[in-house]
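Structure first, then comments.
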Amino acid sequence: MAVKYVWEGAIPLQIHLHKSEVASHPPPPPALVLAPRIGYLPLLVHLIKPYFKDSLPPGEDSIWFDYKGLPLKWYIPTGVLFDLLCAEPERPWNLTIHFRGYPSNVLIPCEGEDSVKWNFVNSLKEAAYIINGNCKNVMNMSQSDQEDLWTSVMNGDLDTYTRLSPKIKMGNIEDEFSRKASVSSPQSRQGGTEIDVAGQVKTARVPVRLYVRSVSKDFENLEDVPEMDTWDEISYLNRPVQFLRKEGKCFTLRDAIESLLPEYIRDRAQRSGEEGEQRTTDASDVSQETRGELKLVRIQGIEMKLEIPFSWVVNNLMNPEFYLHISVLVKEPQR
């Protein structure tokens, strides 16, 4: 079951205390932590702080992390940060922890677990509104159920999450492989999914967070991708995908990304042609060189093939707050 692997996914971290904050001699060795992919960096502080507490200078804590000098946005899931910033996966992932000097000009304030929980619940409400047109099912959850749902995410407890999440009534997108067998069963469809009278078209809205990293120079190997110096290199799209299926045609990941980034994928899709078809150099080929190119699509650490059914991606690789996080690497168009 792919969902089980998503929940069990983790990234080995090697956490260094920033040298300006080392108040002991010798300096402490780095801490080794296994970080859940679906978790958030501030939720690791209770494991890391005791390790470094005897090396810290006096003062009030304002904890944040950086990767090669880039402050890490705490509200982005750890796995998404890793996929986005490490084109060539780095294991262990070397991060630096700071207990002083919070960069308020780059990061929004974080009050530990409370801030992360607020961010999670807010995202859950946004997803519910996209899928169902309202968020009343989230708002109507009892306080104990909401607490238990959040605790299940923090602890990686898929069984408890699976028991509680149906109360939000988000539903599932009907799997492309089984839709013919279940075409008459509306219960399995995501909120807002319908079949028209002729049974030809079905639609649904899928919450997607797309992170687009742009590089100016082309590259052959992922290790040649330059380091990211600023968050300005990332375009962030918080936009639903209108899941549109026509009878006899599979709605793929390519279709979904094309709806979000048509300038990087449309020409390639149109020119794919029939298998074995001879390609010729024409105006559209020339335009591809100047338009830019989609180099990498990564979801939950997987380098995705664009032909995979989007329904499978959504039902298996979505994060617990019902958002699908997609990291893409693109080569900027030539000017």
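The values are calculated or read from the model by the stated rules, or taken from the named source; none is laboratory data. Model, not experiment: these values are computed from the prediction. Here the Cβ is made from the backbone with ideal geometry for all residues, glycine too, and neighbour counts use every protein chain on show. In case anyone asks, the SASA skips ligands and DNA or RNA and just uses the protein heavy atoms, side chains included. Shrake-Rupley method; radii C 1.70, N 1.55, O 1.52, S 1.80 Å.
Worth pointing out:
- Solvent exposure of the stretch 4-44 as accessible area per residue, Å², 1.4 Å probe: 51
- Between R239 and D159, the C-beta separation translates, for a Förster distance of 45 Å, into a calculated FRET efficiency of about 0.90.
- Taking Cβ atoms as reference points and 14 Å as the exclusive limit, the residues near D83 contribute a net charge of +4, counting Lys and Arg as +1 and Asp and Glu as -1.
- Where the stretch 57-117 is the region considered: accessible area per residue in Å², 1.4 Å probe: 43
- The stretch 91-103 - phi-based ³J(HN,Hα) in whole Hz, Karplus 6.51/-1.76/1.60, Gly and Pro as x: 10, x, 7, 8, 10, 10, 9, 10, 10, 9, x, 4, x
- For the stretch 1-114, Kirkwood radius (reciprocal of mean inverse C-alpha pair distance, Å): 14.8
- Packing rank of 137-143, 65-71, where each peptide gets the mean count of other beta carbons within 10 Å, highest leading: 65-71, 137-143
- Cross-link pairs K4/K136; K73/K136; K68/K136; K117/K169; K68/K167 - those with Cα-Cα distance over 32 Å: K68/K136; K68/K167
- Loop-located GluC sites (Glu not before Pro) in the stretch 1-84 whose Cβ has at most 14 other Cβ within 10 Å (DSSP): E60
- Here the calculated FRET efficiency for L32 and N316, from their Cβ-Cβ distance with R0 = 30 Å, stands at 0.50, rounded to the nearest 0.05.
- Between the beta carbons of S55 and K249, assuming R0 = 56 Å, the FRET efficiency works out to 0.40 to the nearest 0.05.
- Residue separation of K169 and S142 scaled by 0.36 nm, minus their Cα-Cα distance, works out to 8.3 nm of gained length.
- Virtual spin-label span in nm between E307 and E113, 7 Å along Cα→Cβ: 4.7
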